[in-house]
Amino acid sequence: MENMSRPLDALNKARNKRVLVELKNGRQYIGNLVSFDIHINTVLEEAEERIDGEVKRKLGTVFVRGDTITIISPQ
Amino acid sequence: MENMSRPLDALNKARNKRVLVELKNGRQYIGNLVSFDIHINTVLEEAEERIDGEVKRKLGTVFVRGDTITIISPQ
Amino acid sequence: MENMSRPLDALNKARNKRVLVELKNGRQYIGNLVSFDIHINTVLEEAEERIDGEVKRKLGTVFVRGDTITIISPQ
Amino acid sequence: MENMSRPLDALNKARNKRVLVELKNGRQYIGNLVSFDIHINTVLEEAEERIDGEVKRKLGTVFVRGDTITIISPQ
Amino acid sequence: MENMSRPLDALNKARNKRVLVELKNGRQYIGNLVSFDIHINTVLEEAEERIDGEVKRKLGTVFVRGDTITIISPQ
Amino acid sequence: MENMSRPLDALNKARNKRVLVELKNGRQYIGNLVSFDIHINTVLEEAEERIDGEVKRKLGTVFVRGDTITIISPQ
Amino acid sequence: MENMSRPLDALNKARNKRVLVELKNGRQYIGNLVSFDIHINTVLEEAEERIDGEVKRKLGTVFVRGDTITIISPQ
């Protein structure tokens with residue numbers, strides 16, 4: 001099978017790369033994907049927060065609780 | 001039994017095909033279904049986001065957290 | 001006991017029949033009930049979506065995530 | 001102990017009787033309680049839906065997903 | 001240890017006594033506490049419903065689904 | 001290790017002391033912390049309810065369902 | 001592997017350091033991270049609450065229920 005068979009494989013492939021994480025409350029975090037777990041708890045480094053596409057805060061390291069996430073997309 | 005007996009069979013049949021994924025927040029993602037798991041965490045490729053039917057963003061690969069999904073429909 | 005004793009028995013009896021599925025967000029899907037599981041993840045075929053009773057979309061096959069469902073009623 | 005000791009005993013006692021089921025979205029279903037399970041998934045027969053106390057629809061059999069229910073009260 | 005050590009002990013002590021049950025949707029049920037379980041599913045008898053402190057309905061027996069409850073307080 | 005290593009240790013240390021419990025719906029309960037469990041179901045005694053900082057009700061004993069709590073803070 | 005492999009490692013590294021905890025209801029707590037568990041229940045000391053960036057209350061010790069948290073970021 002040429003395709004990845006599990007969703008976490010896609011996250012694994014994005015490790016150490018820049019990803020976009022979007023939350024149920026509409027906020028966006030862009031940062032380097034350092035780690036994640038089966039709950040989709042996710043840690044980004046060199047992260048910045050955007051609201052409606054606009055940079056609001058530089059956050060450095062940020063732990064995002066998985067159940068608040070809607071999508072994760074490699075940039 | 002001629003019919004599929006479990007809901008995940010329908011997703012399995014849609015692998016590598018174009019699907020529509022709709023979220024509780026009203027957003028729509030259209031892309032090639034690469035993978036999913038029992039939580040309905042789902043990965044699409046060549047994905048685009050639509051809001052109210054209008055293309056908003058080209059996203060490439062997107063991981064969608066299962067608990068935010070309402071429906072998935074093969075196109 | 002003449003009565004069905006478990007809720008899933010009622011869904012089982014509705015397999016291959018036309019059912020109405022209503023979601024927490026107010027949307028309605030009408031289609032042939034193909035499959036369901038213990039989470040009430042449900043697959044309909046020849047499905048159409050209604051909003052406030054009005055047909056909005058023909059969807060063909062649709063996978064509905066169980067936790068978004070309020071009621072299922074055979075037509 | 002003269003009293004019922006578990007909540008599901010009260011539902012069991014209401015089997016085949018007319019009950020009111022109220023949902024988080026404010027809707028009410030009145031019907032004959034056919035079955036329920038530990039998630040409080042519930043099946044009613046000869047059911048009708050009321051919104052703000054007014055009959056909106058005759059539904060026949062209706063499966064109500066447990067996590068959407070607030071109260072069940074025998075009539 | 002003179003104090004009760006587990007929260008369910010406080011509910012147990014309130015069995016057969018009049019309690020106030022408040023829900024996430026703001027409704028209040030006052031009745032005799034008949035039973036509860038670890039999910040805090042709760043059954044009241046001789047119950048009445050209040051909205052904003054005003055009696056709205058006499059309900060007799062009422063099963064309240066635990067996950068919709070915010071507080072329970074003996075009267 | 002000089003520090004407490006688990007969150008429930010902090011609650012344990014607050015037993016029989018006055019604590020503030022805040023809920024997702026904005027209400028505040030101040031009372032003596034009698035007991036809690038791993039779901040953070042919590043029992044207070046000599047409790048009073050405040051809304052926007054103002055005392056609304058004297059409640060005596062109150063059981064607070066854990067999943068409705070945002071924070072607990074010793075006073 | 002030079003990188004941390006699990007999200008909780010990032011929290012562990014932040015122990016005894018000043019962190020920002022943000023909740024689904026928009027509130028922010030800044031304090032010394034004393035402890036956390038797998039549910040992301042978190043205890044801060046010398047904590048203060050901010051709403052829209054403004055200090056509202058000095059709280060001393062605060063237990064934050066994990067499921068109400070969106071992000072945690074070391075300061």
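Some points to look at:
- Of all residues in region G:31-57, those satisfying the criterion of being in contact with a strand residue (DSSP E or B) (Cβ under 8 Å, 6 or more places away or on another chain) and more than 10 Å from chain F (Cβ to nearest Cβ) are G:Gly31, G:Glu46, G:Glu48, G:Arg50, G:Ile51, G:Gly53, G:Val55, G:Lys56.
- Filtered residues of region F:15-24 (kept if out of contact with any Ser or Thr (no Cβ under 6 Å at 6 or more places or on another chain) and open to solvent by 10 Å² or more (accessible area, probe 1.4 Å)): F:Arg15, F:Asn16, F:Lys17, F:Arg18
- Among the criteria (1) touching a helix residue (DSSP H, G or I) at 6+ places or on another chain (Cβ under 8 Å); (2) over 20 Å from D:Ala10 (Cβ atoms), the one E:Asp37 does not fulfil is (2).
- Boolean, E:Asn12 is within 10 Å of the chain's Cα centre (by Cα), open to solvent by 10 Å² or more (accessible area, probe 1.4 Å) and at negative phi: no
- Just one residue in the set F:Val34, F:Val43, F:Val62, F:Val55 is open to solvent by 70 Å² or more (accessible area, probe 1.4 Å), of a type in the set (Val, Ile, Thr) and assigned to a strand (DSSP E or B); that residue is F:Val55.
- Within region A:7-31, the residues that satisfy the criterion of being modelled with pLDDT of 95 or more and in a loop (DSSP other than H, G, I, E, B) are A:Ala14, A:Arg15, A:Asn16, A:Lys17, A:Lys24.
- From the options F:Lys17, F:Lys24, F:Lys13, residue that is more than 9 Å from every other protein chain (Cβ to nearest Cβ) and either touching a residue at least 24 places away in the same chain (Cβ under 8 Å) or more than 28 Å from E:Gly26 (Cβ to Cβ) (or both): F:Lys17
- Taking the criterion of being touching a helix residue (DSSP H, G or I) at 6+ places or on another chain (Cβ under 9 Å), away from chain E (no Cβ under 12 Å) and open to solvent by 10 Å² or more (accessible area, probe 1.4 Å), the only residue of region F:65-75 that qualifies is F:Pro74.
The values are calculated or read from the model by the stated rules, or taken from the named source; none is laboratory data. Note that this is a predicted model, so its numbers are computed, not measured. All Cβ positions, even for glycine, are placed from backbone atoms using ideal geometry, and neighbour counts span all protein chains on display. Note: accessible area is taken over every heavy atom of the protein model, side chains too, but ligands, DNA and RNA are not part of it. Shrake-Rupley method; radii C 1.70, N 1.55, O 1.52, S 1.80 Å.
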